[in-house]
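Undergrad: Below is one structure. I have some questions about it.
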Amino acid sequence: MDLRDIKEFFRDCFDYLIWFLGIIIIFTFVIAFHPVAGNSMTSTLEEGDVTLVSKFYHKIFDLERNDIVIIKKGSKTYIKRIIGLPLEKIEYSKNYLYINDHRTKEMFLDDDVFTENFKFEDICDLKKCKDGVIPKDYYLVMGDNRGNSLDSRDNSFGLVSKDEIIGVVMVKVWPINKIKVLN
């Protein structure tokens with residue numbers, strides 16, 4: 001056996017190892033595929049859809065209203081849309097979203113979606129939410145299927161801290177015929 005063959009074999013093995021480690025690092029720290037379970041994001045995302053999630057976007061850039069995020073609460077993972085940002089007062093009245101007392105249209109919702117009325121103090125008591133606004137590094141999240149979504153409106157779920165957000169959904173990748181950029 002020629003020494004050059006052995007040297008080339010180890011060089012090839014090293015190249016494959018570097019590629020393998022790179023892929024592991026990318027899927028551990030940078031991106032992930034996340035399946036949708038449940039129907040709280042219907043009609044934007046359906047059960048069985050698969051999304052591509054950026055695990056670092058929210059650590060570099062500010063989260064924005066309408067970003068769809070993956071949240072880890074306890075042992076469960078949820079997919080929701082950011083509706084309220086830090087230092088905002090949010091409420092719903094007569095099926096309209098009010099941000100700091102200004103009526104806002106949610107373009108992503110179908111016209112037949114109804115959101116129950118709520119006031120901000122129903123979601124966060126004034127002891128935690130001083131001045132009646134979302135605290136710094138917290139977000140109000142809701143599912144797009146407002147009638148069937150466990151989200152910030154429920155006291156057992158509440159506001160979401162930035163630390164509970166594990167990624168931002170960027171693209172729906174499955175089913176293949178319905179690929180769609182979401183953020």
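Undergrad: Please state, to two decimals, what the Cα-based radius of gyration of the chain comes to when divided by 2.2 N^0.38 Å (N = residues).
TA: Computed over Cα atoms of the chain, the ratio equals 1.32.
Undergrad: Can you list, by residue number, the Cys in the chain that have no neighbouring cysteine C-beta under 4.7 Å?
TA: If one checks each Cβ against the other cysteines of the chain, C13 turn up with nothing under 4.7 Å.
Undergrad: Turning to a different aspect of this structure: Looking at the chain, identify the longest residue range that excludes and avoids all trypsin sites (Lys or Arg not before Pro) in DSSP loops having at most 13 other Cβ atoms within 10 Å.
TA: The longest uninterrupted stretch comes out as 1-93.
Undergrad: Below 22 Å, Cα to Cα, which lysines can K178 reach? Residues fewer than 8 away in the same chain don't count.
TA: K80
Undergrad: Here's another thing I want to ask about it. In nanometres, what is the gap between the two model label sites at Y16 and N100, each 7 Å from Cα along Cα-to-Cβ?
TA: Here the answer is 5.8 nm between the modelled labels.
Undergrad: Then there is this: So between D5 and E46, what do we pick up on full extension, going 0.36 nm a residue minus the alpha carbon distance?
TA: Extra length from D5 to E46 when fully extended: 9.5 nm.
Undergrad: Right, next: Taking springs between alpha-carbon atoms closer than 10 angstrom, which of I82, I23, I90 fluctuates most in the Gaussian network model of the chain?
TA: In this elastic network of the chain, the residue with the biggest mean-square fluctuation among I82, I23, I90 is I23.
Undergrad: How charged is the neighbourhood of G132? Take every other residue with its Cβ under 15 Å from the Cβ of G132, and add Lys/Arg as +1 and Asp/Glu as -1.
TA: Local net charge: -1.
Undergrad: Something else about it: GNM, the chain, Cα, under 10 Å: largest mean-square fluctuation among D67, D131, D49?
TA: D131
Undergrad: With each pseudo-label sitting 7 Å past Cα toward Cβ, what's the K119-L87 distance in nm, one decimal?
TA: For K119 paired with L87, the spin-label model returns 2.5 nm.
Undergrad: Which order do I60, I6 take by accessible area at a 1.4 Å probe, largest first?
TA: In descending accessible area the options line up as I60, I6.
Undergrad: Tell me the label-point distance for the pair F108, S161, using the 7 Å Cα-to-Cβ offset, in nm and rounded to one decimal.
TA: In this crude label model, F108 to S161 measures out at 2.4 nm.
Undergrad: If you don't mind, there's one more thing I want to ask. What are the ³J(HN,Hα) couplings of the range 44-55, residue after residue, when phi is run through the Karplus curve with 6.51, -1.76, 1.60 and θ = phi - 60°? Round to Hz, x for glycine and proline.
TA: In residue order, the calculated couplings are 5, 10, 10, 4, x, 5, 10, 10, 9, 10, 8, 8 Hz.
Undergrad: Sticking with this structure for a sec: Between F118, F29, F20, which gets the highest mean-square fluctuation from a Gaussian network model of the chain, Cα cutoff 10 Å?
TA: Highest fluctuation among the options: F20.
The values are calculated or read from the model by the stated rules, or taken from the named source; none is laboratory data. Fair warning: this is a prediction, and the values are worked out from it, not measured in the lab. Note that each Cβ is placed from the backbone with ideal geometry, even for glycine, and that neighbours are counted across all protein chains shown. The area values use the complete protein model at the heavy-atom level, side chains included, leaving out ligands, DNA and RNA. Shrake-Rupley method; radii C 1.70, N 1.55, O 1.52, S 1.80 Å.
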